Amino acid sequence: RRGQTGAALTGPECYALGLATHLCEAHALPQLADALGEGFSDGGEGGAAAGGEGERRLLWRVSRRLSDACVELPPLGGWGEEHALYYAPQVEAAFSRGSLPEVMRALEEGGTEWHQAALEVLREASPLALSLTFAQLRAAEETDCWAAAARAEAESCAAAAATADFRAGAGLLH
């Protein structure tokens, strides 16, 4: 439901929502990628191809490298106003409506600065993009497979990007 608010999520918020399993600082990402790549090489210790014990050692090395490269998560919850999850109750109340016009009406009636800001984001967005996003979010709620929802979204984005309208609009961006 946060997909239509325009709010960015922090690493801890992604973790709290189940979108992330580890937290790594941006500057350490190349080091993490290198460390994980090394974890999958044999290194003379017997890789996954060795079976049984080799697989266990591989998983242990990868797990250790993840733990070494990632940072401890801060305490979750107690979100301040600077966090998108601070507004989770308002997001849920407004965006759980059955249609986009109902969502807009709920935001109009909300009466807080957050409601007005979210409404402004929606009013400035492409009506087609809003409708597609709303439909994709609803479809994702109906499936129990995250990969299927992500695949459907990717296919929709690829189809939209192939249109003349998309190319014309993208050509206007600076």
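Leaving ligands, DNA and RNA out of it, report the carbon-plus-sulfur percent of the accessible area of the chain at a 1.4 Å probe. Don't skip to the answer; put the middle values down first.
Working: 6560 of 11420 Å².
Its accessible area is 57 percent carbon and sulfur atoms.
For the chain, with the dipole built from +1 on Lys and Arg beta-carbon atoms and -1 on Asp and Glu ones, taken about the Cα centre, which of A168, C14, T133 lies farthest toward the positive end?
Going by the charge dipole, the pick is A168.
Lys/Arg Cβ at +1, Asp/Glu Cβ at -1, dipole of the stretch 51-99 taken about the Cα centre: which of P74, G98, S63 is farthest positive-ward?
S63
Each residue of the stretch 135-142 in turn: what ³J(HN,Hα) in whole Hz from Karplus with 6.51, -1.76, 1.60 and θ = phi - 60°, glycine and Pro shown as x?
Ordered by residue, 3J(HN,Hα) equals 5, 5, 5, 5, 5, 5, 5, 7 Hz.
If you build the Cα gyration tensor of the stretch 45-174 and take the root of 5 times each eigenvalue, what three semi-axes come out, in whole angstrom, biggest first?
Each semi-axis is the square root of five times an eigenvalue, giving 39, 24, 16 Å.
Work out from phi, with θ = phi - 60° and the Karplus expression 6.51 cos²θ - 1.76 cosθ + 1.60, the ³J(HN,Hα) of each residue of the stretch 163-173, listed in order in whole Hz, and give x for Gly and Pro.
8, 5, 4, 4, 4, 5, x, 5, x, 8, 6
Using a 1.4 Å probe, what is the accessible area per residue for the stretch 53-111, in Å²? Don't skip to the answer; put the middle values down first.
Details: 3670 Å² over 59 residues.
Counting only protein heavy atoms, the per-residue value for the stretch 53-111 is 62 Å².
The values are calculated or read from the model by the stated rules, or taken from the named source; none is laboratory data. All of these numbers come straight from a predicted model, not from anything done at the bench. Cβ: placed from backbone, ideal geometry, glycine included. Neighbour counts: every protein chain shown. Areas reflect the complete protein model, heavy atoms only, side chains present, ligands, DNA and RNA absent. Shrake-Rupley method; radii C 1.70, N 1.55, O 1.52, S 1.80 Å.
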